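First comes the structure, then the notes that go with it.
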Amino acid sequence: MKKWLIPLIIIGLLAIALYSWGKGFNNTAVEYEADAKTAWSNVESSYQRRNDLIGNLIKTVQGAADFERTTLREVIEARAKATSTTIDASGITPENMAQFQQAQSGLSGALSKLLVSVERYPELKANQNFLELQSQLEGTENRINVARDRYNEKVNIYDIHTTKFPGKLLAGMFGFEEMPRYKADPGSENAPDVEFDFK
């Protein structure tokens, strides 16, 4: 065997090993990224369900002629803003994630205000359609929370794969960037003060 063949064989084996490593990293990163994008689509789907339920709730509440129009208008405006703020799963950035969260938080706040004000309207509280929608909204809020947690889990798997050494070296070459997580709303870590008046 000629001596010059040995370095060529070694270089060839190294090239095959590097190719296999790069291919394996890339394919796994693509899979994890796709899982995270699918999880984000499930988050948006859960929020869409909530928006649809709120639309039905608004129609039910509008039937009460003396219901507070300002509160109802706030919910309608917040819902319009929340439905117009969407994120394409392939372009999730911290900035548009923050805008999405802000719009959804605004809708949550307006909806909470609406549900509190309903307490003063016994005919609405007794309305079977309203009670069913209220129950479905509660279930949907739980779905939203589960979907957000699953999204964060998938992003965590993807981010670990693309930021651990030596994968981080390949992530930059292949164009894989860190994905933002869904974070709690500012101030949500502080428990609200609740006062009961027993007089």
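For Glu153, are the conditions met, namely being in contact (Cβ under 8 Å) with a residue 60 or more places away in the chain, surrounded by fewer than 17 Cβ atoms within 10 Å (Cβ to Cβ), closer than 30 Å to Asn26 by Cα and among the acidic types (Asp, Glu)? In short, yes.
Which numbered condition in (1) under 22 Å from Asp88 (Cβ atoms); (2) at pLDDT below 90 is the only one that Pro186 fails? Pro186 satisfies all of (1) under 22 Å from Asp88 (Cβ atoms); (2) at pLDDT below 90 except (1). Among the residues of segment 121-137, just one is under 15 Å from Thr71 (Cβ atoms) and not in a helix (DSSP H, G or I), namely Tyr121. Taking the conditions exactly as written (of a type in the set (Asp, Glu) and modelled with pLDDT of 85 or more), does Glu141 satisfy them or not? So Glu141 fits the description; yes.
Tally up the residues in segment 42-91 that are among the aliphatic types (A, V, I, L, M) and closer than 30 Å to Phe176 by Cα, please.
Of the residues in segment 42-91, 4 are among the aliphatic types (A, V, I, L, M) and closer than 30 Å to Phe176 by Cα.
The condition (being surrounded by 13 or more Cβ atoms within 10 Å (Cβ to Cβ) and within 30 Å of Glu119 (Cβ to Cβ)) is satisfied by just one residue among Val75, Val30, Val43: Val75.
Out of all the residues in segment 166-180, which are in a loop (DSSP other than H, G, I, E, B) and either under 17 Å from Ser90 (Cβ atoms) or at pLDDT 90 or above (or both)?
Gly175, Phe176, Glu177, Glu178, Met179, Pro180
Only one residue in Lys37, Lys23 is modelled with pLDDT of 90 or more, surrounded by 12 or more Cβ atoms within 10 Å (Cβ to Cβ) and either out of contact with any His (no Cβ under 8 Å at 6 or more places or on another chain) or within 22 Å of Gln136 (Cα to Cα) (or both), so which one is that? Step by step, each of Lys37, Lys23 is checked, and only Lys37 is modelled with pLDDT of 90 or more, surrounded by 12 or more Cβ atoms within 10 Å (Cβ to Cβ) and either out of contact with any His (no Cβ under 8 Å at 6 or more places or on another chain) or within 22 Å of Gln136 (Cα to Cα) (or both). Once segment 59-72 is narrowed to residues that are surrounded by fewer than 16 Cβ atoms within 10 Å (Cβ to Cβ) and either among the hydrophobic types (A, V, I, L, M, F, W, C) or modelled with pLDDT of 90 or more (or both), the residue that is farthest from Arg143 (Cα to Cα) is Ala65.
The values are calculated or read from the model by the stated rules, or taken from the named source; none is laboratory data. The structure presented is a predicted model; accordingly, all values stated were derived computationally and were not measured. In this analysis, Cβ positions are derived from the backbone assuming ideal geometry, glycine residues included, and neighbour counts consider all displayed protein chains.
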